[in-house]
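The values are calculated or read from the model by the stated rules, or taken from the named source; none is laboratory data. These numbers were taken from a predicted model, which means no experiment stands behind them. Cβ placement follows ideal geometry from the backbone for every residue including glycine, while neighbour counts extend to all protein chains displayed. Side chains included, ligands, DNA and RNA excluded: accessible areas come from the protein's heavy atoms. Shrake-Rupley method; radii C 1.70, N 1.55, O 1.52, S 1.80 Å.
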Amino acid sequence: MYRYDAVDRLLVEERAAQFRGQTERFLKGELSEDAFKPLRLQNGLYVQRHAPMLRVAIPYGMLSSDQLRVLGRIAREYDRGYGHFTTRQNIQYNWVEIARVPDILDELAAVEMHGIQTSGNCIRNTTTDHLAGVAADEIVDPRPYCELMRQWSTFNPEFAFLPRKFKVAFNGAGQNRAATGVHDLAFDLKLDAAGEVVMDVMAGGGQGRTPRIGPVIKRDLPWREMLTYTEAVLRAYNRWGRRDNLYKARIKILVESIGAERFAADVEDEWRHLKGGIARITDEEFQRINACFTDPAYLSDDEASADLSGLRVQHKRFDAWLRRNVVAHKRAGYAAVTLSLKRTGPAPGDATDTEMERAADLADRFSFGELRVSHHQNLVLAHVARKDLFDLWQAAEAAGFAEPNIGLVTDIIACPGGDFCALANARAIPIATAIQERFDAAKQEAIGELAVKISGCINSCGHHHVGHIGVLGVDKNGEEWYQILVGGRSDNEVTLGTILGRSIKFDEVPGMVERLVDVYLNAREGEERFIDTVGRIGIAPFKAAAYPDKVQAA
Amino acid sequence: MSEIIRIANKRIAVENDGWLLLNEAGADVWPEGDVIVPLADWLARRDTLKSRTGRTGVWLAPADDTLSLKDAFDGLALIAVQFPKFTDGRGYSHATLLRRRLGWTGELRAFGEVLRDQLFYMARTGFDAFVVPDGLKAEALTGGLNDFSVAYQDAVVDPAAPALANRAAAVREAKIARTTHQLQKIAAKHPDAIFATSLSAEDMVITDLIARHSLPIHITTLDTGRLHPETLGMIGEVKSKYGIDIEVMHPVAEAVEAHVATHGAFAFYESLELRKACCGIRKVEPLNRALSGRSAWLTGQRRDQAVTRVHLPEAEHDEARGMAKYNPLADWSWDDVLAYAARFDVPLNPLHARGYPSIGCEPCTRAIRPGEDPRAGRWWWEQADAKECGLHVGPDGTLTRTNLESAA
Ligand code: SF4
Ligand code: SF4
């Protein structure tokens, strides 16, 4: 993991001190609500439906067990005993008091964490593959590049007041697990013929009201120029992005309005002045950061391996867990294990203070004290020796993290929705629960991989556009209604889902999901996954099943 | 007339401003005196504007094309950039392009919604003048310029090292700032805080910071009666350089005499017990006297000084003495100390230059050879893990040897 040096430490400390001053001025009435707003937003503090909400950055999803314990303690001492892991690899606290936020920031600073730029119209927390550094299909470890981006974008003076928020993502693996296609700016890392790291750059992707897949604007960018090129992109966006209409202010609208080619040419033009300049990454700085991401002290594959076949036969649930929650690691003796935060009942991604502490203990015992937060809102132990898998499974069962449902229909992504979020049209969490209740273990196993994603409004924090089945909360005369989408995906073949038809009521949603699943089960050929079947048979059969009473126009 | 904040040579000044800003483009005649005209007028009527009496500046609105000022600087006295709303960040790109791309070196002023918490960003993109908005006070804004001591990115005007390009320099800068913040916090929290200096280079750095920031931290030193004359000389150096009187603590004379009478003047070479007894009389007791009744003390200990100090915290509780203890240089290296001393012209004990990185009493300290451990010259006849004088004790009153095993 990246470890702070005096520079990083000083900046988070000074930021916490600055925010303490701003909060004091606000509470004394010296700073207006309007002037305080962008300042608190850039520290992750929103005012929500019920109370202020604090969003804490988990840079590219990496956490140490000590950090997670502090997150748990903050949940207990400053909130109502739980936190919510988000689709952007952050954590949110829903019930903080404004006056105590400076204290929380001090506590976070002490463990090298912060809420800097987790909201507001600025460059947000960088996200990446939750299997970075361990994935068997990894080509380039994206973490040092994420960290360079974190530092460059933190308090970047030119880009603190952009037209709108700006999200950056990295992928360095064969299978894209970082949904880079739907980010404002994204980097796909690969190796050129000489073995040097180069990047394909995409700009102008995003979800929300106008979902777009980001077009590639640059191929084979040399890694040392990653920041000079980013500067060129951001300068173009800062100068020419629309500021007159909130809904047209994201970079995707700029890219689309002038066309990806013209945008790429403009950026290239600007970049000519910047490349090779002071923001070019030095070998020394890269080495310093890269050295933080070395492998832990793995056992040899022989020492780490074990024959689990007997245990698999004996313990059916262990077997299911191995198939669903455990994935291959670049070392044959190791595996990456997902701790499921998708239990029927609690909101997807929620964890209590004690759960965070238990997960931290598991990380210490089984995974070198390190965890990741996935954009699927689960926790990941990335370095588990295979010989420890049975022990870990038992401990995870006891702690409530062993639901063998990763990638299945109950592993639902959902935003906080109407229960918490001031912008919501409809609730998302109870919809998730209602769907989860329809599918027992046997049924979801039979269905196989199926990504259900729910957003409470068009801002799309729940990634509904790229769900195999997407659910979107809409407002009709002040009532909550839902639109259903089918066919979205966020992997290598990133695709936006298609809206099936008119919106439906809360109670109709679980039944509709079941009908869509039945269409798949009836049409499935061989090992085909839901999304493959959609690809083969198209949307029409799903539309027909979705609205059985309605006569479909040809 | 409005107030304007200026930064020149890293100093902040507040002045009255006599420039008149003309909002509307398209004028044919201009008032007397110094005026700032819209970009369109400057581009269209440059020659006329240049021939008038009084200086001319130009102002840019967010949507203006910065690069249209290329080759149009001649005759311009200043460039002003409008921030109609502070959330409109286009002005930062104007500034960056003017300074970097077009090479503008004259005054660059921000006007409009120029608020405290934006000043830092503005200064870093190259603004050096800030028009104080109506209804605000300059003093309420300038604090924003000092919120951050280092930055990851390079800045147009601030020569402070960007961390991404020169980490080593930025780290040094950051350590100085962090130590300063810590000293300020300690002074605020403990009005009775006392700094026990051994007059070493580390302790001279802390003394310099205390003096530089006029912190109300009392300074004391222990004259064991066996110090080098060079070390004692530092007390006068501090007085003449900083005007600070260091309080000098002495051992109890009778105790010293009794010890010498019984064991001789060089008993410390004979056994660890006798060495510790001597340190007890000459150092520990006077220090305890100096600390007694206070709520906090400070030391110049560093983690990489000794195997006994690798886990040294920046702040700890001295349980044996029931008070707070701070080690504000915990993460400094010896090179950091020397670099600070050189940069700020801090007087140093001349023994450092003669091969003594760590200096104690004269009979118990020798110079070290290149490559030797820095503390090899202290009680050099003893084992490394015993080399503490007894000033730094654990909760039970024994020497602190935090995690010696893991360090060894
Ligand atoms: S999608 Fe809408 S309702 Fe859900 S968290 Fe985002 S803004 Fe709130
Ligand atoms: S350092 Fe040597 S002379 Fe000084 S007090 Fe200790 S034992 Fe005595």
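For region B:86-183, the list of GluC sites (Glu not before Pro) that fall in a loop by DSSP and count at most 14 other C-beta atoms within 10 angstrom is empty. Taking Cα atoms only, the orientation of helix B:116-125 departs from the longest principal axis of chain B by about 80 degrees.
Counting only cysteine Cβ atoms and a cutoff under 4.7 Å, chain A contains unmatched residues A:Cys122, A:Cys146, A:Cys292, A:Cys421, A:Cys457. Near A:Gly115, the amide H atoms lying under 5 Å from its own belong to A:Ala57; only residues 5 or more places off or on other chains count, and H is placed 1.01 Å from N.
Based on Cβ point charges of +1 for Lys and Arg and -1 for Asp and Glu, what charge dipole magnitude is obtained for region A:134-290 about its Cα centre, in debye rounded to the nearest 20? Roughly 900 debye, rounded to the nearest 20. Rounded to the nearest 10 degrees, the inclination of helix B:253-263 to the longest alpha-carbon principal axis of chain B is 50 degrees. Mean residue ellipticity, 222 nm, helices only, chain A: the sum of -39500 (n - 2.57) across DSSP H runs of n ≥ 4, divided by residue count and rounded to 500, is -11000 deg cm²/dmol.
Across peptide A:14-21, the mean count of Cβ atoms from other chains lying within 10 Å of each residue's own Cβ comes to 4.
For chain B, the relative contact order is 10 percent, taking Cα pairs closer than 8 Å that sit 6 or more residues apart in sequence and dividing their mean separation by the residue count. Kirkwood's formula applied to the C-alpha pairs of region A:134-290 gives a hydrodynamic radius of 15.9 angstrom. Helical runs assigned H by DSSP (4 residues or longer) give chain B a calculated mean residue ellipticity at 222 nm of -9000 deg cm²/dmol, each run adding -39500 (n - 2.57) before division by the residue total. Contact with the other protein chains removes 40 Å² or more of accessible area, compared with the isolated chain and a 1.4 Å probe, from these residues of region A:143-177: A:Gln151, A:Phe155, A:Pro157, A:Glu158, A:Phe161. With contacts taken as Cα pairs under 8 Å at a separation of at least 6 residues, region A:6-110 carries a relative contact order of 30 percent. May I ask what percent, to the nearest 5, of DSSP beta bridges between residues of region A:384-500 are antiparallel? If I count the DSSP bridges inside region A:384-500, around 65 percent turn out antiparallel.
Could you check what % of the DSSP bridge pairs in chain B are antiparallel, to the nearest 5? About 35 percent, rounded to the nearest 5. In a reduced charge model with +1 at each Lys and Arg Cβ and -1 at each Asp and Glu Cβ, the protein assembly as shown shows a dipole moment near 1320 debye about its Cα centre.
Against chain B, whose longest principal axis is taken from its Cα atoms, helix B:167-189 shows a tilt of about 70°. The Cβ shell under 15 Å around A:Leu39 holds other residues with a net charge of +1, Lys and Arg each +1, Asp and Glu each -1. Taking only alpha carbon atoms, region A:413-553 gives an Rg to Rh ratio of 0.95, where Rh is the Kirkwood radius. DSSP assigns beta bridges within the protein assembly as shown; of those with both partners inside it, close to 60 percent run antiparallel. Around B:Pro38, with a cut-off of 9 angstrom between Cβ atoms, what is the net charge of the other residues, counting Lys and Arg +1 and Asp and Glu -1? Around B:Pro38, the surrounding residues sum to -3. Check the straight Cα-Cα distances from A:Lys28 and name the lysines below 21 Å, setting aside those fewer than 8 residues away within the same chain. Answer for A:Lys28, where 21 Å is the Cα cut-off: A:Lys37, B:Lys137, listed by chain and number. Please state the shape class of chain A: rounded when a/c is under 1.5, otherwise prolate if a/b exceeds b/c and oblate if not, all from the C-alpha gyration tensor. Rounded.
Sites listed here are chymotrypsin sites (Phe, Trp or Tyr not before Pro) in region A:1-73 whose DSSP assignment is loop and whose Cβ has at most 12 other Cβ atoms within 10 Å, and the list is empty. With a ≥ b ≥ c taken as the square roots of the eigenvalues of the C-alpha gyration tensor of region B:2-146, please select rounded if a/c is under 1.5 and otherwise prolate if a/b is larger than b/c or oblate if it is not? Cα axes put region B:2-146 in the prolate bin. Per residue, the average separation of C-alpha pairs within less than 8 Å and at least 6 apart gives chain A a relative contact order of 12 percent.
Distance between the C-alpha centres of region B:213-228 and region B:320-397: 15 Å, rounded to the whole angstrom. What number comes out for the charge environment of A:Gln314, summing +1 per Lys or Arg and -1 per Asp or Glu over other residues with Cβ under 15 Å away? Computed value for this residue: -1. With 5 Å bins beginning at zero, the pair-distance distribution over Cα atoms of region A:301-399 amounts to 3, 13, 24, 26, 19, 10, 4, 1, 0 %. Which residues, if any, in region B:111-153 lose at least 40 square angstrom of accessible heavy-atom surface (probe 1.4 Å) when the other protein chains sit next to their chain rather than the chain being alone? Buried by 40 Å² or more upon assembly, which counts only protein chains, are B:Asp117, B:Tyr121, B:Asp147, B:Phe148, B:Val150, B:Tyr152, B:Gln153. In the complete set of protein chains, residue-level accessible area for B:Lys85 is approximately 130 Å², probe 1.4 angstrom. Accessible area of region A:301-399 with a 1.4 Å probe: how many percent of it is carbon plus sulfur? On region A:301-399, the fraction of accessible area on carbon and sulfur atoms equals 48 percent. Anisotropy class assigned to the protein assembly as shown is oblate, per the alpha carbon gyration tensor with a/c at or over the 1.5 cut-off and a/b no larger than b/c. The residues of the protein assembly as shown present an accessible area of 39 Å² per residue when probed at 1.4 Å with all protein chains retained.
Tell me, how many Å apart are the Cα centres for region B:262-277 and for region A:488-554? The two parts, judged by their Cα centres, are 89 Å apart. Distance from the Cα centroid of region A:182-250 to that of region A:382-406 is 38 Å (rounded to whole angstrom).
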